[in-house]
Structure formats: C-alpha cells, structure tokens
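Working notes, beginning with the structure itself.
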Amino acid sequence: MPYWFRAHLPHQRLPLLSLLARPLRFPLPVHTAMPPPSSPTAGITPPTKLGGYAFYRQALRGAKYIVAPMVDQSELAWRILSRRYGAELCYTPMFHARLFCQPEHKAYFAEQWQTNPADRPLIAQFCANDPAFLLRSALRIQDQCDAVDLNLGCPQGIAQKGHYGSFLMEEWDLVARMVRTLHENITVPVTCKIRVFPDPERTVAYARMLEAAGCQLLTVHGRLREQRGHKSGLADWDQIRRVKEAVQIPVLANGNILYFEDVERCLAATGVDGVMSAEANLYNPAVFSGRYLPAYQLAREYMDICKEVPTPMPFIRAHLFKLFKPSLPLHTDLRAQMAKVQSFAEMDQVVHDLQARLQPEAEQHPPFCIETAEKDTDGFYIIPHWICQPDVPAAAAPTVNGQVIEGENEGGMVTAGGESAPVSPIPSAVVCLIHQSKASPIPIPEQPTPLPVTTS
C-alpha cells in the first residue's frame, strides 16, 4: 500500500499517492526512447543472456518459494528477514517507472531502491505504460538484479487513474511493445505478472502473447481484476494450470496461500514451477519454512535488521501491525503507541514492551505445532495469538457478542489528510483467544470511521 513518505530532507515532498496517480504516458512517440548509455565497451557484442528455463535454473536457482512485489512492504529489510526463513527469490516493491528514471524525482529513486550483494536472486518490478520510461528505468538497475518485471496485475484504483497494471489488460499492442523493448535492450531477462480474464481461453492467449513478445517467466495471480480488497474471493488455480500447460516458459502461481501446506497443494494442483506469496508472507515471514514462530521473535529480528538497513517508519509500522495483529486487541495501550510513535527508538521500545507481555504467556504453554493443531468449523487452524499466523478471509470472519469481527484495511493503515493512521487491527481468530483463556468475551475495540485505502 502506498504511503506518504515523511520527509527526511528539509524540503516538503509531494505525496507518493499523488505522484502514482499521474498518467505515465511519455509526451513523445515511442521511437524517441533514450538510447542506451555509451560505455567503453560500446560496439562489442554482449554475451547471450539467459532465457526461459536456463534463466530460471541458473540465475533464479530454480526458486520454488517467492516473496511477491508489495508496494512499501517488500523492502530490503523485509527481504532479508524472509530469506532467513525459506524465501528463495524476492521481488522489490513495485516502482513507478516515470518517477524512477526522471532526475527531478531523484529523491524517489534514493528512497525506493535498496539492495546489497546478498540480496539475490532479485527481480525488480515496475509499473509503466510507456516503453521509453520503462527502458530508462530498467537500464538504471539492470546490473543490480536478475530480471526486470512488468506489473500487469495491479487492480487498485490508483492503477486505473495512472493507467497501468491490470488496466492495460485490453491494450495488448502496448503491452507487447513494452515487453519487447526490454527484451531487446537490457542485459537481464524481462518477466511479467498478470491477473486472469473471466474467459480462460483469453487468459491463455494473453500469456502466449507475452511469451512471444519476449517474456521469460510469467507469474499468474489467479484472480480477476475486479477481485480486490474485501471482494477478493478465491484465486482460480485451474486457470493458472491452463497457462502453465500452454506456454514454454517458467510459470509462478499467486493466490490462496495461507499455510505452508497450501504451497505444496498449489504446486501439485497447477504444475507450476514456484509459488509466490504476498499476504501470507506479511503475516508470517517464516511461512516458506513451515514454521510458526512467536510474533515478538520475528518482530525483534526485523527491528534488528532495520538498525542496519535504513527503513522508513511507515514501512516498519505496517509490518508490525500485521505481525502482532492477533495480540494487539489484548494490549490496546501498546497498540495506540504503535500507531503514534515517530522515531525508531520509540517503536523499538513498543516491540520490547510487547515481547515482555507476550513471552511469559507463551512460555506457559507447550510450543505450538501446526501438525497437532485443531481446526475451527471453517477449516482454519486455531493458533495462539502470540504466534504469527495468516489473516482469515473476510468470508470466514468470526463473531464475538453477535457482532462480526472485521480485520483492518489491507496494510493496516489508512491515508487521509496527509497522514497515515492505523485502523484498529482485530485478530483473525478471536474465538481462539476466548477458548484458550476461558475468559469472558473480549470487548470489541471502538473502530474508527473507515477511510479510502489504496493498495497494490
């Protein structure tokens, strides 16, 4: 979810939401794209770059467990944490191609682009609707990543206003030109991430078109463009399977992942080469390891990483709200502090205080084991609130005192009036908490008035 960046420089910057919503179109025809920069090796034929399965097996090391591109959430610090717990390939957050390459937006590039030598394999993702801007941005970072991905799946209103993501699904000629431009002009492969059409045959034709244009790896999110937010519903694994059977390049699946066992089920059901996770990874960054660890343990690791890797406070706040989501209604004073503190030291103290409360409770119980865990009537595992766990889909939201419990808006934040503020997170398994504590029903915290939220 895009957030307003708090200024680290003396001057005030335009909000990122405003910049992302601006049309991306380049004012000149496509053939005026900036030529590749000159270099001492100009005129020397570069080595043939890898493609298809050679690229997947060698550059990407045959990765099966992949962290999705998430705006403001798959930043370097989070990628480092995810790799510690089984992630084999990570994507950067989605970058806005026009902002990324223009000199007047150098602060955007400085804030957004972070990597290090250990951050591999890595795929950098861009949203774009103009081949010239896309090429210029890709040229800036082609030597620091293993591939460049074109976002063709973002379903949010901000993408509709900016004319990118899934709102290019009807513009096949433009999409093909962007893919071909990268394929013919950069030194690393081009990949794509798409959503499906209502008609499976059209989805297959779209995938084949991308392959013909030069796409070397395709990620298929098995939901329609209209399936977003509280209307997300289930991803269609059968459509993903059809795409996998129709193309010759590696295919990754995205959608319907809550637990590690879902990863294995998806691989078996679709035949894909790897599985990408977004939401499941945000709520449990150890999901690809099959481990279910205390939230305070993973939060402490993340904060320690952020001490070494500068990370904007809005990113940190959103991650912590997800990690601690099931426990925060039991510790509303610390939830309020998490929402308000501005400095890293203050946020680090909130994490310390939460650990001081949660760890003694956790130590009174046997270590959690998913293999022996019970399930609720909807088929979701009953997991203690201090353990990182997936967010229960809205359709299965539990009730307390006869009222439906709703989670926070995606990302745990709302943006209004120039400020980011959290919506009160409610646990995915409140019923679990009541069952364990044998206490009276947990009072429902007062919910602020919902405000528009933008996510990717």
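Scan the stretch 283-309 residue by residue and report those that are in contact with a Phe, Trp or Tyr (Cβ under 9 Å, 6 or more places away or on another chain) and part of a loop (DSSP other than H, G, I, E, B). If the condition is that a residue be in contact with a Phe, Trp or Tyr (Cβ under 9 Å, 6 or more places away or on another chain) and part of a loop (DSSP other than H, G, I, E, B), then 284, 285, 286, 290, 291, 292, 293 are the ones that fit. Looking for something of a type in the set (D, E, K, R), within 20 Å of residue 93 (Cβ to Cβ), in contact with a helix residue (DSSP H, G or I) (Cβ under 7 Å, 6 or more places away or on another chain) and surrounded by 24 or more Cβ atoms within 10 Å (Cβ to Cβ) - is there at least one such residue anywhere in the stretch 186-194? No: zero hits. The residue of the stretch 341-364 that is surrounded by the fewest Cβ atoms within 10 Å (Cβ to Cβ), among those that are in contact (Cβ under 8 Å) with a residue 40 or more places away in the chain and over 27 Å from the mean Cα position of the chain (by Cα), is 359.
Is the stretch 122-132 home to any residue that is at pLDDT 95 or above, more than 20 Å from the chain's Cα centre (by Cα) and part of a helix (DSSP H, G or I)?
The first filter runs over the stretch 122-132 and keeps only residues at pLDDT 95 or above, leaving 122-132.
Still in the running and more than 20 Å from the chain's Cα centre (by Cα): 129-132.
Then keep just the ones that are part of a helix (DSSP H, G or I); that gives 131-132.
There is at least one residue in the stretch 122-132 that is at pLDDT 95 or above, more than 20 Å from the chain's Cα centre (by Cα) and part of a helix (DSSP H, G or I).
Here is a yes/no grid of residues against (1) under 26 Å from residue 220 (Cβ atoms); (2) in contact (Cβ under 8 Å) with a residue 60 or more places away in the chain; (3) not hydroxyl-bearing (Ser, Thr, Tyr):
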position: 279; (1), (2), (3): yes, yes, yes
position: 295; (1), (2), (3): no, yes, yes
position: 304; (1), (2), (3): no, no, yes
position: 308; (1), (2), (3): no, no, yes
position: 335; (1), (2), (3): no, yes, yes
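Just to be sure, is residue 294 touching a helix residue (DSSP H, G or I) at 6+ places or on another chain (Cβ under 7 Å) and over 14 Å from residue 81 (Cα atoms)? When the stated conditions are applied, residue 294 passes them.
Filter the stretch 323-340 down to residues that are in a helix (DSSP H, G or I) and surrounded by fewer than 23 Cβ atoms within 10 Å (Cβ to Cβ), then give me how many there are. Spell out how you get there, then give the answer.
Within the stretch 323-340, the first condition is being in a helix (DSSP H, G or I), and the residues that meet it are 323, 328-330, 332-340.
With surrounded by fewer than 23 Cβ atoms within 10 Å (Cβ to Cβ) added as a condition, the list becomes 329-330, 332-337, 339-340.
Of the residues in the stretch 323-340, 10 are in a helix (DSSP H, G or I) and surrounded by fewer than 23 Cβ atoms within 10 Å (Cβ to Cβ).
Every residue, every condition in (1) crowded, with 20+ Cβ neighbours inside 10 Å; (2) outside any helix (DSSP H, G or I), yes or no:
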| residue | (1), (2) |
| --- | --- |
| 140 | no, no |
| 143 | no, no |
| 148 | yes, yes |
| 151 | yes, yes |
| 155 | yes, yes |
| 161 | no, no |
| 170 | no, yes |
| 175 | yes, no |
| 180 | no, no |
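Filtered by the rule that a residue be touching a Lys or Arg at 6+ places or on another chain (Cβ under 8 Å) and among the hydroxyl-bearing types (Ser, Thr, Tyr), the stretch 265-324 gives 270, 283. Report, by residue number, each residue of the stretch 267-293 that is polar (S, T, N, Q) and closer than 24 Å to residue 243 by Cα. Result: 270, 277. Residue under question is residue 79, and the condition is that it be farther than 26 Å from residue 304 by Cα, in contact with a Ser or Thr (Cβ under 9 Å, 6 or more places away or on another chain), among the charged types (D, E, K, R) and not assigned by TED's automatic domain parsing to the domain that holds residue 318; does it hold? So residue 79 fails the test. For the stretch 267-282, the candidate set comprises residues that are outside any helix (DSSP H, G or I) and under 9 Å from the mean Cα position of the chain (by Cα); within that set, the residue that is nearest to residue 73 (Cα to Cα) is 278.
Taking residue 219 as the residue in question, decide whether it is in contact (Cβ under 8 Å) with a residue 40 or more places away in the chain and hydroxyl-bearing (Ser, Thr, Tyr). Answer is yes for this residue.
When the stretch 341-385 is filtered for residues that are part of a helix (DSSP H, G or I) and among the polar types (S, T, N, Q), the ones remaining, listed by number, are 349, 355, 359, 372. Scan the stretch 331-390 for residues that are polar (S, T, N, Q) and farther than 20 Å from residue 286 by Cα and jot them down. 332, 337, 342, 343, 349, 364, 377 - these are the residues of the stretch 331-390 that are polar (S, T, N, Q) and farther than 20 Å from residue 286 by Cα.
The values are calculated or read from the model by the stated rules, or taken from the named source; none is laboratory data. Quick caveat, the model's predicted, so the values are computed rather than measured. With ideal geometry, Cβ positions are generated from the backbone for all residues, glycine too; neighbour counts draw on all protein chains shown.
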